[in-house]
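J.: Dropping the structure in here first, questions after.
The values are calculated or read from the model by the stated rules, or taken from the named source; none is laboratory data. Just so it is clear, the model here is predicted, and its values are computed rather than measured. Positions of Cβ are backbone-derived with ideal geometry, glycine not excepted, and every protein chain shown enters the neighbour counts. In case anyone asks, the SASA skips ligands and DNA or RNA and just uses the protein heavy atoms, side chains included. Shrake-Rupley method; radii C 1.70, N 1.55, O 1.52, S 1.80 Å.
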Amino acid sequence: MGTEREFFQKRFIAVSGMSCAACVGRVEKALKSVPGVSTASVNFGTEQAAVEYDESVVDFETLKTAIRDAGYTAKDVPQTREAQLAARTETHRRELSQLKWKIFAAAFVSAIAMSLMFYHPTAHGAVRLKLVLLFALTTPIQFWCGWQFHKGAYAALRHFTADMNVLISVGTFAAYIYSAAVSAASLFSPQPNSINYYETAAMIITLILVGKFIETRAKGRTSEAITKLIGLQPKNAHVLQDEREIETAIENVQIGNRVVIRPGEKIAVDGVICEGKSNVDESMLTGESMLVPKTVGDAVIGGTINGSGSLIYEATKIGADTVLAQIIRRVEEAQNSKAPVQRLADVIAGIFVPIVIGIAVFTFVMWLAFGSGFTMALQNFIAVMIIACPCSLGLATPTAIVAGMGRGAELGILIKSGESLEMAHRISTVVFDKTGTLTQGTPTVTDIITFEDYAESELLSIVAILESRSEHPLADAIIRACNDRGIPVQPVGEDGSAEIQQFEAVSGHGVRATVGNNDVCVGSRRFMEKNGMEPRTHDIEIEAKFSDEDKTQIWVGIDGRIVGLMAIADALKPTSDKAVDALHQFGLETVMLTGDMENAARAIAQRAGINEFVAEVLPEDKAEHVQALQKAGKRVAMVGDGINDAPALAQADIGIAISTGTDVAIETADITLLKEDLMGVSTAIQLSRKIFRTIQWNLFWAFFYNILGIPIAAGALYLLVKSLNIGNPEQFLLNPMIAAAAMAFSSVFVVTNSLRLKKRGNTVLTQS
């Protein structure tokens, strides 16, 4: 297989001129017909084609030519993201500017034409003058303002296909040509016919252009998250060379360079701090609003914002390898991907337009056959052609995916593809790794019990004094507990030396020393007993409780009396229990897999509120447990660290990696959480459900609109009212101008509905 795909390459092509989902199918068909093309996927929302092709068979220019031959514009996607952003912004600005001018001209002429519609001259000369004036006014609107639709229709028909442009072009030309014929005939007829549809053709084009303008402006907003991410990276960096600070372009920074970051500046590239201490705002990448403390040895991410301190750090990743670059690439790929439901919509749109044309022709013929006259038959034909444009069908899925995944990126949630998105909302069971996922992954002081008149902080301080001299693995947990509480670790005497004497470490038991005027022992219960201190019954009961929870106990004795007991364990992360509870509220089952003994596993599962747990599981066996759940009919999401849980993440229907932005996790997981907070799991599933629910509503509206609109446009209400003889049936004929407004509104509705996903105030998409 490797040899077969050796020359395959994936490239993106910017495609413009697409007007509906039927266009997507035509571009894909054109690309797939080129020899050497393996796959081609076109996204209507982002207006890009992703093509995988064999370089030894076909070159990139041939692919662009195939798109142009299909009637669309094809351009290279710029190499740098800054250039992509600039090109996208300029294209969007130019398109909106052109639409504004066309709308202004079309609206001005339409207003005049609509006014003349109410003028009914009786003199034959005045009738002829009115028709000639309308012809002169509306012809530029038909051929200039509506040119993009006619051009697209010609390209579609030339390839024996049909799309939205065909419907608009045929509909407006039917009205325009009929009216032009009436105008020409009036010049030679002694009694000219004044019935015309000039204002209908002009107003249809005006309303559709207005809808296109609103749609285009709204579509530009769906990818704002990408724009923000691209804008995060600074243009320049301050690099130290021979102890001199030199400002250089970001592209010139090399791995190993020492970079200076002043207060308030953006961090240039990824690296590790060499000097300084500060707080860093990583909210754009992680969704976490709290500033993150950074000191020597800590990693920093390019694009994040430095706080009030100055830093010097060594660059470790540059260019496309930085976390920010990988995140942008991941979001772009996800936004360009298709969910299975979108592929179905594209297929339906491809066959929908020919069916509509058939219905419109049938409507025209039937109205003529029933003797209703050419005028009424033509009006209903135009109404059916205009109202049934499948714009909303093509926009339903991609706009929701682009907007939703962009919002996810703002929250530090990266979803790999449309397939991952669609599967995530079907999940029924969430499986958690324990160490480093549910828990901190390091020993932590979980309990401090005092038996005398000592405060917790005082007891912890005394223990830390001794443990600071110890090399025991649990000593670090004691020191961290002090640091977290702001407790000084070493009291200092008047001479500047620590007030600790006669320190002795007894291997496997504990440590003892004289601290100030007190004899202190810290260690196991047996160590206390050897030093003449017997625990009371109550003390032993507390110890038994800690043992059941698989916590390590540290006894504290001072001056021959046991004064306290501390417990150390791999503690839950602060939000683990809340995250599990949130998943349960969604109706999901939870399972924990761990290599720990059963007592420890049970204790963690109970504290986290997890339904089931499996203990003593080897890392390589986790995938088998996930598979067993799948065989039982479960849709499984596996949550792990993205590296040692890789087999289980790959086996699961959805792999969710919790990381601090490691490239391995970003590349391998279906969903990556850049913030090490399990609340992100529930937020990711909420996000998936919200996006898919939006897609469903968009598709429902698109189908419902057409199912309801086409019969009305064909005259169903007119016939019903006439058969029941309950009113004036003429009032229930759908004017083509109203059909155009309804068609434009359907597209605007779909895009606006998708944009709701971007709202920061949306409780469903806001992390706790």
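J.: Only Lys, Arg, Asp and Glu count, each charged at its Cβ (+1, +1, -1, -1), so figure out the dipole size of region 352-492 about its Cα centre, rounded to 20 debye.
T.: Dipole of region 352-492, to the nearest 20 debye: 1120 debye.
J.: Ranked by accessible surface with a 1.4 Å probe, highest first, in what order do Ser754, Ser457 come?
T.: If we order Ser754, Ser457 from most to least accessible, we get Ser457, Ser754.
J.: Please calculate the 1.4 Å probe accessible area of Val58, with all protein chains present, and give it to the nearest 10 Å².
T.: Its heavy atoms expose roughly 10 Å² to the probe.
J.: Excluding residues fewer than 8 places away in the same chain, name every one of the lysines whose C-alpha is closer than 25 Å to that of Lys690.
T.: Correct list for Lys690: Lys219, Lys228, Lys338, Lys416, Lys578, Lys634, Lys675, Lys758, Lys759.
J.: Want the number for Ser372 to Glu541: 0.36 nm per residue separation, take away the alpha-carbon distance, what's left?
T.: 51.2 nm
J.: Give, rounded to the nearest 20 debye, the magnitude of the charge dipole that the chain has about its Cα centre when Lys and Arg contribute +1 at Cβ and Asp and Glu contribute -1 at Cβ.
T.: So the dipole magnitude of the chain works out to roughly 5360 debye.
J.: Among 172-183, 627-638, how do they line up by average Cβ neighbours within 10 Å per residue, starting with the highest?
T.: Details: 172-183: 20.8, 627-638: 17.3.
Listed from highest to lowest mean packing, they are 172-183, 627-638.
J.: Okay, next question. Any chance you could look up the accessible area of Arg526 with a 1.4 Å probe, heavy atoms only, rounded to 10 Å²?
T.: The value for Arg526 is about 150 Å².
J.: Now, a different point. I'd like to know which of Ala174, Cys274, Val614 lies farthest towards the positive end of the charge dipole of the chain, counting +1 on Cβ of Lys and Arg and -1 on Cβ of Asp and Glu.
T.: Ala174
J.: If I require 27 Å or longer along the helix axis, counting alpha carbons, and a Kyte-Doolittle average no lower than 1.0, what helices from the chain are left? Use full DSSP H segments.
T.: Helix filter hits for the chain: 164-188, 340-369, 736-755.
J.: For region 500-646, just say rounded, prolate or oblate: build the C-alpha gyration tensor, square-root its eigenvalues into a ≥ b ≥ c, call rounded for a/c under 1.5, and beyond that prolate if a/b exceeds b/c, oblate if not.
T.: It is prolate, given that a/c is not under 1.5 and a/b is the larger ratio.
J.: Using the Cα centre of the chain as origin and beta-carbon charges of +1 (Lys, Arg) and -1 (Asp, Glu), tell me which of Ser38, Leu96, Ile301 is placed farthest towards the positive end of the dipole.
T.: Leu96
J.: Another one. Output the relative contact order of the chain, whole-number percent, from Cα pairs under 8 angstrom with separation of 6+ residues. Could the numbers behind the result be given before it?
T.: Numbers: 1460 pairs, mean separation 102.7, N = 768.
About 13 percent, as a whole number.
J.: Express in nm, to one decimal, how much length is gained between Asp476 and Ser457 on full extension, taking 0.36 nm for each residue of separation and deducting their alpha carbon distance.
T.: Here the segment from Asp476 to Ser457 would lengthen by 5.2 nm.
J.: Provide the packing ranking of 313-322, 416-425, i.e. peptides ordered by the mean count of other C-beta atoms within 10 Å per residue, highest first.
T.: 416-425, 313-322
J.: Continuing with this model, one more query. Once you have a ≥ b ≥ c as the square roots of the Cα gyration tensor eigenvalues for region 55-128, tell me rounded if a/c is under 1.5, and otherwise prolate or oblate according to whether a/b is larger than b/c.
T.: Here region 55-128 falls in the oblate category.
J.: Next up: So what are the three principal axis dimensions of region 586-643 from its Cα atoms, in whole Å, longest to shortest?
T.: Sorted largest first, the three principal extents are 29, 29, 21 Å.
J.: Another question, then. Quick check for you: with a 1.4 Å probe and neighbouring chains kept, what is the accessible area per residue of region 74-156, in Å²?
T.: With the other protein chains kept in place, region 74-156 gives 58 Å² per residue.
J.: Right, something else. Tell me the net charge near Ala383. Cut-off is 15 Å between Cβ atoms, Ala383 excluded, with +1 for each Lys or Arg and -1 for each Asp or Glu.
T.: Neighbourhood net charge equals -2.
J.: Over the Cα atoms of the chain, what radius of gyration and what Dmax do you get, in Å?
T.: Here Rg and the maximum Cα pair distance are 35.2, 129 Å.
J.: Which one of Phe586, Val353, Leu733 is farthest out on the positive end of the charge dipole of the chain, using unit charges on Cβ (Lys, Arg +1; Asp, Glu -1) and the Cα centre as origin?
T.: Leu733
J.: A follow-up question, please. Carbon and sulfur together cover what percent of the accessible area of the chain at a 1.4 Å probe radius?
T.: Details: 19260 of 33900 Å².
Answer for the chain: carbon and sulfur cover 57 percent of the accessible area.
J.: Please compute the Kirkwood hydrodynamic radius over region 365-470, one decimal place, Å, based on all pairs of different Cα atoms.
T.: Result for region 365-470 stands at 22.1 Å.
J.: Right, next: Taking the Cβ-Cβ separation of Asn517 and Asp581 as r and a Förster radius of 56 Å, what is the calculated FRET efficiency to the nearest 0.05?
T.: Using R0 = 56 Å, I get an efficiency of 0.70.
J.: Oh, and also: Report, in deg cm²/dmol and to the nearest 500, the calculated mean residue ellipticity at 222 nm for the chain, where each DSSP H run with n ≥ 4 adds -39500 (n - 2.57) and the sum is divided by the residue count. Before the final figure, lay out each step's value.
T.: On the way: 26 runs with 385 residues, N = 768.
-16500 deg cm²/dmol, from helical runs alone.
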